[in-house]
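J.: Take a look at the following structure, please.
What follows draws every value from the coordinates through simple rules; no lab data is involved. All figures in this text were calculated on a predicted structure; none of them were measured in a lab. Neighbour counts are summed over all protein chains in view; Cβ atoms, including those assigned to glycine, are modelled from backbone coordinates with ideal geometry.
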Amino acid sequence: MPIRTDLPTMKDVARIAGVSIQTVSAIINHKPGITQPTRDRVLSAIEKLGYHPYSVARSLRTRQTHSIALVVSDIANPFYATVASAIEEFAHGAGYGLMLHNTHNDIARETKYIQTISERWIDGAIIVSTRNEVVGLSELSSARIPVVAINHTPASYEGPSVTTDNVLAGRIAAEYLVSLGHKHISHIGGPVRLYLSHERETGFFEVLQENGLKPIICPENAGEWDCESGYRSMRHLLECCETRPTAVFAANDRLAIGAMRAIRQAGLQIPRDISVIGMDDIEYSAFVSPPLTTVGQPIVKMALTAVELLIKLLSGENPQNTRIILAPELIIRESTCLPPSL
């Protein structure tokens with residue numbers, strides 16, 4: 001099929017409207033500093049030439065495209081896959097399309113994606129930050145694009161968010177293990193770059209301290225939220241600590257699943273020798289052997305609450321509560337039991 005050469009260009013729009021190409025670009029990308037008469041001339045030229053479909057031209061007038069962006073740190077993580085699926089389903093039902101950006105835990109890529117969102121026809125964004133700081137949020141604010149942070153709240157961010165009570169999650173895990181009679185307990189923490197890792201650890205260690213127990217410190221925290229990191233951390237724990245723990249709380253289910261493999265490779269049984277508890281309640285946790293006890297996050301509820309909050313903001317509503325914290329719950333399966341001595 002021959003390539004069409006008669007399609008209108010931005011240069012054609014600029015010529016018809018009597019402005020520069022830079023001005024046309026600025027209007028398309030919602031840049032400030034353009035007078036309304038100039039903006040109207042450019043939009044009229046866009047419609048006249050068919051440079052964009054009329055629906056997009058109308059979107060330029062109303063600044064609404066019924067499109068939202070979702071930025072996640074690792075779509076391969078079942079947690080974020082579930083979040084994305086739930087958000088897409090709700091958004092679709094509400095008449096919004098979803099644009100997914102996967103940062104691969106790369107802060108530079110995250111910053112680039114946020115800049116792209118601020119320059120494109122996007123009504124709002126839901127963001128799972130790669131780090132505790134999100135430098136690009138100011139750009140979205142300047143572009144008047146509403147944002148909801150999900151899963152954890154970046155430092156200095158005071159906008160809408162939907163998170164889980166991570167301190168409570170750590171406390172729930174510790175209280176359950178202590179109630180079983182465990183005294184030699186360890187924790188495989190999440191990536192240190194994230195505040196939520198510290199929150200889970202804080203809640204966990206608080207309960208141990210309240211019960212007069214000294215935790216067995218893992219010599220290496222996880223680099224990422226994956227099975228390999230949990231496996232590596234558990235191996236170090238078994239090889240380097242003088243006292244072997246009878247129970248381990250991993251900061252998420254993937255870390256716990258990796259730790260379970262290391263325990264089995266060491267010739268130990270779960271839960272007879274070492275009890276293991278995770279966090280999240282991803283789908284896989286109920287199907288590993290043995291099925292994993294976990295502190296469940298309401299993952300789908302978190303996702304739906306975030307997108308519902310964003311759409312309310314896009315509709316001009318002013319919700320009273322925009323900092324929503326959901327409660328985790330203990331899900332007991334077969335990877336935990338009384339310590340060996342009991």
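J.: For K11, go through the aspartates and glutamates and keep the ones whose alpha-carbon is under 16 Å away, minus same-chain ones fewer than eight residues off.
T.: E47
J.: For q = 0.17 Å⁻¹, what log10 I(q)/I(0) does segment 166-297 give under the Debye formula with an equal point scatterer on each alpha carbon and no solvent?
T.: So the normalised log intensities work out to -0.77.
J.: Multiply the residue gap between S44 and E334 by 0.36 nm, knock off their C-alpha separation, and tell me the result in nm, one decimal place.
T.: 97.8 nm
J.: Taking N as the number of residues in the chain, what is its Cα Rg relative to 2.2 N^0.38 Å?
T.: The chain yields a ratio of 1.24.
J.: Ok, one more. Among D226, D253, rank each residue by its count of other Cβ atoms within 10 Å, from fewest to most, as a rough exposure measure.
T.: Ordered by Cβ neighbours within 10 Å, fewest first: D226, D253.
J.: Let me ask you something else. Working from the alpha-carbon coordinates of segment 72-141, get Rg over Rh, Rh being the Kirkwood radius.
T.: 0.96
J.: From the helices alone, meaning DSSP H stretches of at least four residues, give me the mean residue ellipticity at 222 nm for the chain, per-run term -39500 (n - 2.57), in deg cm²/dmol to the nearest 500.
T.: -13500 deg cm²/dmol
J.: Now for a different question. Name the residue from G95, I282, I216 whose Cα lies farthest towards the positive end of the charge dipole of the chain, charges +1 on Cβ of Lys and Arg and -1 on Cβ of Asp and Glu.
T.: Most positive-ward Cα: G95.
J.: Multiply the residue gap between Q269 and Q115 by 0.36 nm, knock off their C-alpha separation, and tell me the result in nm, one decimal place.
T.: Extending this stretch completely gives an extra 50.5 nm.
J.: Run a plain Debye calculation on segment 195-238 (Cα atoms as equal point scatterers, no solvent) and give log10 I(q)/I(0) at q = 0.31 Å⁻¹, rounded to two decimals, same order as the q list.
T.: Treating every Cα as an identical point scatterer, log10 I(q)/I(0) equals -1.05.
J.: Next question. Using DSSP H assignments, which helices in the chain have an axial alpha-carbon span of 15 Å or above and a mean Kyte-Doolittle hydropathy of 0.0 or higher?
T.: Helices passing the filter in the chain: 78-93, 166-180, 299-314.
J.: So if I restrict to the alpha-carbon atoms in segment 264-338, what is the Rg, and what is Dmax, the biggest pairwise distance, in Å?
T.: Spelled out, the Cα radius of gyration and Dmax of segment 264-338 are 18.2, 60 Å.
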